[in-house]
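Written out below as structure tokens is the structure these notes cover.
The values are calculated or read from the model by the stated rules, or taken from the named source; none is laboratory data. Predicted model, so just to flag it, every value in this text is computed and none were measured. In this analysis, Cβ positions are derived from the backbone assuming ideal geometry, glycine residues included, and neighbour counts consider all displayed protein chains.
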Amino acid sequence: MEKDRTTNNTNAGRDSNPDPITGAPGSHPVSTGVGAAAAGAAGAAIGSVVPVIGSAVGGIVGAVVGAVGGGYAGKAVGEVIDPTGTDNYWRENYKTRDYIRDDADYDDYRPAYQFGAKLADGSTSADFDEKAVRSEWDSNPDNNGLDFESAKGAIRDEFSRKIQLREEQLRVNKTRVSGGEVGIHKEVTTERKTVEVPVEKEEVVITRRATPGTARDNAPIKDQEIRIPVSEERVNVSKDTVVTGEVEVAKRKVNETQVVSEDLKKENVRVDKTGNVRVDDRTKSKQS
């Protein structure tokens, strides 16, 4: 009995993908190992600054410290594809698939399901490109010796289990174009202007008077003429050109708001149910 409990605990720890550092479930073992190995190599390179001894000691210390930090970094990358969610679903449902051998265990197909999750997460197309997937699977060091023909069904199932939703987003940019031009020029117009100018002129005043009484004048009677010059002011008109003002031309920038509209497409999920089926519809945020 004690042996069975130990076995169950071991399987439970394996199934929950425990973090090798913290023991928390949900870790991605491959990504954690890759992160640790890469960081350990970096630590060894740093230690190599001191010849011989420094290289060995630096490599050991760098590997230990780097493994911890790299393990966390690798875990963060691995969590993007949610390996625990994939395991939880297929561990309960893999036996219903027709490509599963009768004597097979879930762990035999687990690498294929995880690989399908990775493909679905990084794919920009809903189409399953079997030729490209085969090439990637054959070069995958974590395929657990499972040939592609056996793994294909599991990979495709997990790849197709997730539907990526897309939407169009409006991207607005501005370009400077010619909005026209303004021409400024001078033109001559003619108008008639009338001015009243007071002028002065002389005129002759003749006054006639009768002399009193009768005086004898023996002078002969003849024609006589008196000439009196008369002057007057005359108006002379001339024109002068003067500056009455000036026009200064400059440009300035002004801001205004323009309203643009565009129709955007967005993909949504529609759930069609047939019969008395219960659906647990949840929204989960993707961890990064």
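Scanning for something in contact (Cβ under 8 Å) with a residue 40 or more places away in the chain and of a type in the set (D, E, K, R), does region 224-237 turn up at least one residue? Checked region 224-237: no residue is in contact (Cβ under 8 Å) with a residue 40 or more places away in the chain and of a type in the set (D, E, K, R).
Number of residues in region 238-283 that are touching a residue at least 12 places away in the same chain (Cβ under 8 Å) and not β-branched (Val, Ile, Thr) equals 6.
How many of the residues making up region 65-88 are at pLDDT 85 or above and crowded, with 16+ Cβ neighbours inside 10 Å? The total comes to 2. Applying the condition of being hydrophobic (A, V, I, L, M, F, W, C) and either touching a residue at least 24 places away in the same chain (Cβ under 8 Å) or touching a helix residue (DSSP H, G or I) at 6+ places or on another chain (Cβ under 7 Å) (or both) to region 165-190 and asking which residue is farthest from residue 243 (Cα to Cα) yields 165. Considering region 97-148, and only residues there that are exposed (fewer than 10 other Cβ atoms within 10 Å of the Cβ) and under 36 Å from the mean Cα position of the chain (by Cα), the residue that is farthest from residue 83 (Cα to Cα) turns out to be 131. The residue list 187, 233 contains one member that is more than 30 Å from residue 161 (Cα to Cα) and surrounded by 10 or more Cβ atoms within 10 Å (Cβ to Cβ), which is 233.
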